[in-house]
Amino acid sequence: MAVSETKPRDAADIETRVRAADYLIRRHYYRWPEALPWLIAIACYFVFPDRMTFGSQLLVMVIFALSLDLILGYAGIVTLGHAAFFGIGAYTVALGFLRLGWSEPISGILVGGLVAGGVGAVVGWFILRYRGLTLLMLTIAFAAMLQESGNLRSDITGGYDGLPGLSFTPLFGFFDYDLYGHTTYLYALAALAVIFYFVRRIVYSPFGQALTGIRENVRRMHAIGSPVHRRLVTVYAISAALAGVAGALFTQTNAYVTLTVFDFDNSAKVMVMLILGGTGRLYGPFIGATVYMVLEDYFSKLSPTFWQLGIGLLLVLAVLFTRRGLLGLLEDAGALLNKRKNP
Amino acid sequence: MSHVATIVVSILFDGLAYAMFLFITSVGLSVTMGLMGFVNLAHGAFAMCGGFFVVTLTRSLGVAFVPSLVIASVAVGVISVPFERYLYRRLYKSTDLEQVLLTIGLAFMSIATFTYFYGPIPKSVPLPDWLKGDVNLGFRAFPSYRAFLIVLGVALIAVLWYAFEKTNIGAKIRAAVDNRRMAESVGINVDLLFTLTFAVGSGLAALGGALAIQLFGLTPSFAVLYLVLFLIVVAVGGLGSLKGTLLAALVIGIIDTGGKYAFPVAGNLFIYAITVIVLLIKPAGFYGRE
């Protein structure tokens with residue numbers, strides 16, 4: 001009797017595990033609609049050939065927002081100092097060129113990412129024991145300290161006047177940068193594609209699942225023996241490295257960098273973009289950054305005051321009515337339509 | 001007096017005045033955050049609002065400086081009540097992130113609104129004669145305005161300390177900070193208590209904002225520019241602790257003044273360094289609960 005009791009439970013247990021594994025693998029499959037943002041990005045190259053500089057900046061912000069999504073959306077780490085790593089990447093490339101004459105762009109962004117990631121690992125190890133306001137303040141203070149230190153040694157960093165006159169060698173020694181930013185746009189798009197593939201792998205891996213678990217319920221993750229702190233530090237370092245890559249690309253596309261990259265505004269801006277698009281979803285940063293940058297480009301020309309009022313109002317409304325961003329709204333609309341079709 | 005002593009005395013004096021400004025502005029934030037765990041990034045906006053009220057009262061309506069300080073504080077305290085009742089209240093149980101977003105959204109909106117009405121150029125206020133110039137304390141002269149700031153700060157600390165430690169309402173607030181559920185179950189109306197402390201805290205922030213005009217000048221971006229400073233005082237002092245907020249304000253005010261005197265180019269580096277060191281050692285601040 002005892003045997004017959006345990007057997008079906010084992011079978012059920014195995015079935016549950018298989019179904020869970022199946023679910024994880026199925027989520028990882030690419031679906032057709034996922035091609036859409038990439039097709040649009042390529043189409044923009046042909047439709048708006050004269051807006052490619054703006055396009056490159058947009059793609060840089062998508063990468064930056066994607067890096068924040070990894071820690072904020074998936075691991076639930078609230079930070080208002082992510083600009084620190086963006087700035088580290090940006091200055092690594094700029095100083096690498098000015099001090100060492102390092103002008104090869106692709107190795108430049110790799111080094112920028114590595115340096116930012118290394119700093120992220122060390123800082124993360126210290127600050128990720130804390131949560132709530134303490135963590136928030138530590139992230140703000142770290143970014144602010146970098147900015148003040150940069151200002152202290154403005155002989156090296158150029159201070160708020162910045163470091164102009166950066167130039168980089170052609171991509172693969174062949175594709176030179178043109179005045180209209182066509183090469184830069186494709187370069188940034190390629191970088192985004194590589195980073196997106198990487199982030200997608202992380203998110204759907206068991207590691208990504210563990211991060212979501214930490215976001216949803218830290219205590220339970222501790223209780224089942226998950227190495228919470230180590231996982232948080234790992235993802236923080238990865239996210240910092242990606243933010244560093246975004247910063248490095250920023251310097252390369254603008255050929256210019258100032259200490260304002262470390263601004264609190266920069267950290268807040270990328271968070272707003274992410275929230276607008278939707279956190280914890282891979283395409284949220286695409287939509288958020290695009291909507292934000294296009295609106296900003298349009299409205300801040302009309303009136304910067306109204307733009308600020310609008311973005312504030314947008315944030316308040318987003319928190320009160322749609323907690324899952326624009327993508328969440330789209331999903332809700334989709335679900336409503338489906339319900340109407342097959343009630 | 002020797003040269004070094006003169007410098008030390010002026011640093012202490014200016015640092016003390018600065019600390020009083022920090023304390024007055026941040027104390028409300030500390031108590032409300034301690035009560036509800038609500039991350040209120042719009043606190044600086046209430047301070048900025050108070051500053052502009054005083055500008056309008058003194059410049060356009062011809063009210064004297066000190067009465068307009070009182071009027072502005074009360075007005076902002078009253079204005080803050082509907083914000084708490086209808087907006088903040090919905091998010092007490094939400095995540096930090098949602099609170100941060102809502103309140104930073106409000107801060108942006110307030111900056112835009114005040115820029116529309118007052119423009120981005122720094123404003124100043126006309127001071128009465130007794131606040132201009134220096135006051136002689138026997139051994140040397142000090143700027144009157146800073147002396148006024150210190151006297152006002154000490155008086156407010158005394159009043160707040162009495163209200164917090166000796167009155168019935170103060171005891172209720174302390175009970176609610178310690179253990180909200182327990183306080184509610186013994187019949188304390190924590191919601192009402194919170195609205196009250198929120199209003200008083202915002203009113204004090206408005207007073208701080210108005211007092212800051214003479215120190216830093218006032219632009220609409222004050223709401224975000226000095227916000228980080230208030231948050232630092234609150235985090236370093238410990239949420240909901242009067243003593244902690246005062247100690248943090250003193251430490252930050254004096255060390256920052258001294259640091260800026262010794263290394264003017266370092267800017268706010270000292271403040272951030274202190275913050276990081278204190279929070280790494282005592283994550284809940286000087287007098288916060290771990």
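The values are calculated or read from the model by the stated rules, or taken from the named source; none is laboratory data. All values reported here derive from a predicted model rather than from experimental measurement. Backbone-built Cβ (ideal geometry, glycine too); neighbour counts: all protein chains shown.
Quick look at the numbers
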{"item": "Matching entry among B:Val276, B:Val265, B:Val228, B:Val224 (being assigned to a helix (DSSP H, G or I), within 17 Å of the chain's Cα centre (by Cα), without any contact (Cβ under 8 Å) to a residue 24 or more places away in the chain and surrounded by fewer than 23 Cβ atoms within 10 Å (Cβ to Cβ))", "result": "B:Val228"}
{"item": "Selected residue [farther than 25 Å from A:Arg31 by Cα and crowded, with 23+ Cβ neighbours inside 10 Å] from A:Gly288, A:Gly244, A:Gly277, A:Gly284", "result": "A:Gly244"}
{"item": "Lone unmet requirement of (1) within 14 Å of another protein chain (Cβ to nearest Cβ); (2) surrounded by fewer than 22 Cβ atoms within 10 Å (Cβ to Cβ); (3) in a helix (DSSP H, G or I) for B:Ser94", "result": "(3)"}
{"item": "Leading residue by the ranking (nearest to the chain's Cα centre (by Cα)) among those in the range B:17-59 that are within 14 Å of B:Val177 (Cα to Cα), surrounded by 24 or more Cβ atoms within 10 Å (Cβ to Cβ) and among the small types (Gly, Ala, Ser)", "result": "B:Gly28"}
{"item": "Selection count where residues are part of a helix (DSSP H, G or I) and away from chain B (no Cβ under 11 Å), scope the range A:142-159", "result": "2"}
{"item": "Residue that is modelled with pLDDT under 90 and either under 17 Å from the mean Cα position of the chain (by Cα) or within 28 Å of A:Ala141 (Cβ to Cβ) (or both), where the choices are A:Pro49, A:Pro33, A:Pro37, A:Pro105", "result": "A:Pro37"}
{"item": "Filter result (touching a residue at least 60 places away in the same chain (Cβ under 8 Å) and outside any helix (DSSP H, G or I)) within the range A:100-114", "result": "A:Ser103, A:Glu104"}
{"item": "Residue list for the range B:176-196, filter: within 26 Å of B:Leu87 (Cβ to Cβ) and of a type in the set (Gly, Ala, Ser)", "result": "B:Ala176, B:Ala183"}
{"item": "Residues satisfying the stated conditions in the range A:167-195, i.e. among the aromatic types (Phe, Trp, Tyr), assigned to a loop (DSSP other than H, G, I, E, B) and at pLDDT 75 or above", "result": "A:Phe168"}
{"item": "Single unsatisfied condition, B:Leu239 versus (1) assigned to a helix (DSSP H, G or I); (2) buried (at least 23 other Cβ atoms within 10 Å of the Cβ)", "result": "(1)"}
{"item": "Positions within the range B:107-159 being in a helix (DSSP H, G or I) and hydroxyl-bearing (Ser, Thr, Tyr), in sequence order", "result": "B:Ser110, B:Thr113, B:Thr115, B:Tyr116, B:Tyr118, B:Ser144, B:Tyr145"}
{"item": "Matching residues, the range A:120-141, being within 7 Å of another protein chain (Cβ to nearest Cβ) and in contact (Cβ under 8 Å) with a residue 60 or more places away in the chain", "result": "A:Ile140, A:Ala141"}
{"item": "Residue match in the range A:319-338 (condition: at pLDDT below 85 and closer than 28 Å to B:Leu229 by Cα)", "result": "yes"}
{"item": "For B:Val66: the one exception among (1) under 27 Å from B:Leu239 (Cα atoms); (2) part of a helix (DSSP H, G or I)", "result": "(1)"}
{"item": "Filter pass, B:Leu250 being assigned to a helix (DSSP H, G or I), more than 12 Å from chain A (Cβ to nearest Cβ) and touching a Lys or Arg at 6+ places or on another chain (Cβ under 7 Å)", "result": "no"}
{"item": "Test for A:Val319: is it surrounded by 17 or more Cβ atoms within 10 Å (Cβ to Cβ) and either more than 14 Å from chain B (Cβ to nearest Cβ) or more than 24 Å from A:Ala41 (Cβ to Cβ) (or both)", "result": "yes"}
{"item": "Test: residue in the range A:83-99 that is free of Cβ contacts under 8 Å to residues at least 24 places away in the same chain, crowded, with 17+ Cβ neighbours inside 10 Å and either of a type outside the set (S, T, N, Q) or in a helix (DSSP H, G or I) (or both)", "result": "yes"}
{"item": "In the range A:256-290, the residues that are in a helix (DSSP H, G or I), of a type in the set (S, T, N, Q) and within 12 Å of chain B (Cβ to nearest Cβ)", "result": "A:Ser267"}
{"item": "Some residue of the range B:166-179 being within 27 Å of B:Pro126 (Cβ to Cβ) and surrounded by fewer than 24 Cβ atoms within 10 Å (Cβ to Cβ)", "result": "no"}
{"item": "Search result, residues across the range B:257-290 that are polar (S, T, N, Q), over 22 Å from B:Met33 (Cα atoms) and at the interface with chain A (Cβ under 7 Å from one of its Cβ atoms)", "result": "B:Asn268"}
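Residue by residue, here is whether (1) touching a helix residue (DSSP H, G or I) at 6+ places or on another chain (Cβ under 8 Å); (2) crowded, with 18+ Cβ neighbours inside 10 Å; (3) within 14 Å of chain A (Cβ to nearest Cβ) holds:
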residue	(1), (2), (3)
B:Gly105	yes, yes, yes
B:Trp130	yes, no, no
B:Gly138	no, no, no
B:Trp161	yes, no, no
B:Leu192	no, no, no
